[in-house]
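Peer 1: Have a look at this one before I ask anything.
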Amino acid sequence: LQHQTMKSKSIGNTKLIEALWEKTGIPVRDVRTVVRGLFHLIRQQLTTGNPVTIEEFGLFHVKARKGRTAVLTNVKTKEKYTSTTPDCPYVKFTGSRTFKQQLKADMPAERLKTILANQRRKNPMRKQ
């Protein structure tokens, strides 16, 4: 996969499958089957609570966010009420040492600066 343009946000399944087809020459139908099967297997393992480690890439595992209860006030009526959010599972990815080293070596400096600037804009309260 080549570097995406600066404005590109992500690569979807279709482009991923096309890129793998171009790189390997394996028929698109077979690549699609393998990609979908891989994602299904990862999802299945995570759903049952098993972490998934892909060597030289990283570790996927499930964590949970604790639900919250907040006391809120209706602006118009001044009535107080509580709002509760349930506990929520989420997937955490931790890149392997090899993955992080390759990412650091291969990422253009200008792209890294753009990512850092976007992170600062999204969270202005974060300590610099």
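The values are calculated or read from the model by the stated rules, or taken from the named source; none is laboratory data. Computed from a prediction, not measured in an experiment: that's the story for all the values here. Virtual Cβ from ideal backbone geometry, glycine too; neighbours counted across all protein chains shown. Just so you know, the surface numbers come from the protein's heavy atoms only, side chains and all, with ligands and any DNA or RNA stripped out. Shrake-Rupley method; radii C 1.70, N 1.55, O 1.52, S 1.80 Å.
Peer 1: Enumerate the pairs (first residue in the stretch 12-23 and exposed (fewer than 15 other Cβ atoms within 10 Å of the Cβ); second residue anywhere and aliphatic (A, V, I, L, M)) with beta-carbon separation below 6 Å, excluding pairs fewer than 6 apart on the same chain, so at least 6 apart or on different chains.
Peer 2: Within 6 Å, the pairs are ALA19/LEU1.
Peer 1: Mind counting the residues in the stretch 89-123 that are part of a helix (DSSP H, G or I), touching a residue at least 24 places away in the same chain (Cβ under 8 Å) and surrounded by 10 or more Cβ atoms within 10 Å (Cβ to Cβ)?
Peer 2: Summing the residues that are part of a helix (DSSP H, G or I), touching a residue at least 24 places away in the same chain (Cβ under 8 Å) and surrounded by 10 or more Cβ atoms within 10 Å (Cβ to Cβ) in the stretch 89-123 gives 4.
Peer 1: So, one more: Hey, could you check the stretch 25-70 for residues that are open to solvent by 80 Å² or more (accessible area, probe 1.4 Å) and of a type in the set (S, T, N, Q) and say which is modelled with the lowest pLDDT?
Peer 2: Ranking the qualifying residues of the stretch 25-70, first place goes to THR69.
Peer 1: In the set THR84, THR77, which member is assigned to a strand (DSSP E or B) and exposed (fewer than 10 other Cβ atoms within 10 Å of the Cβ)?
Peer 2: None of the others qualify; the one that does is THR84.
Peer 1: Can you name every residue in the stretch 58-72 that is within 15 Å of GLY95 (Cα to Cα) and touching a Pro at 6+ places or on another chain (Cβ under 8 Å)?
Peer 2: Residues satisfying the conditions are LEU59, PHE60, HIS61, VAL62.
Peer 1: Pairs please, first residue from the stretch 40-57 and more than 15 Å from TYR90 (Cβ to Cβ), second anywhere and of a type outside the set (S, T, N, Q) and open to solvent by less than 80 Å² (accessible area, probe 1.4 Å), Cβ atoms under 6 Å, 6+ apart in sequence or on different chains.
Peer 2: GLN45/VAL52; THR53/LEU59; PHE57/PHE99
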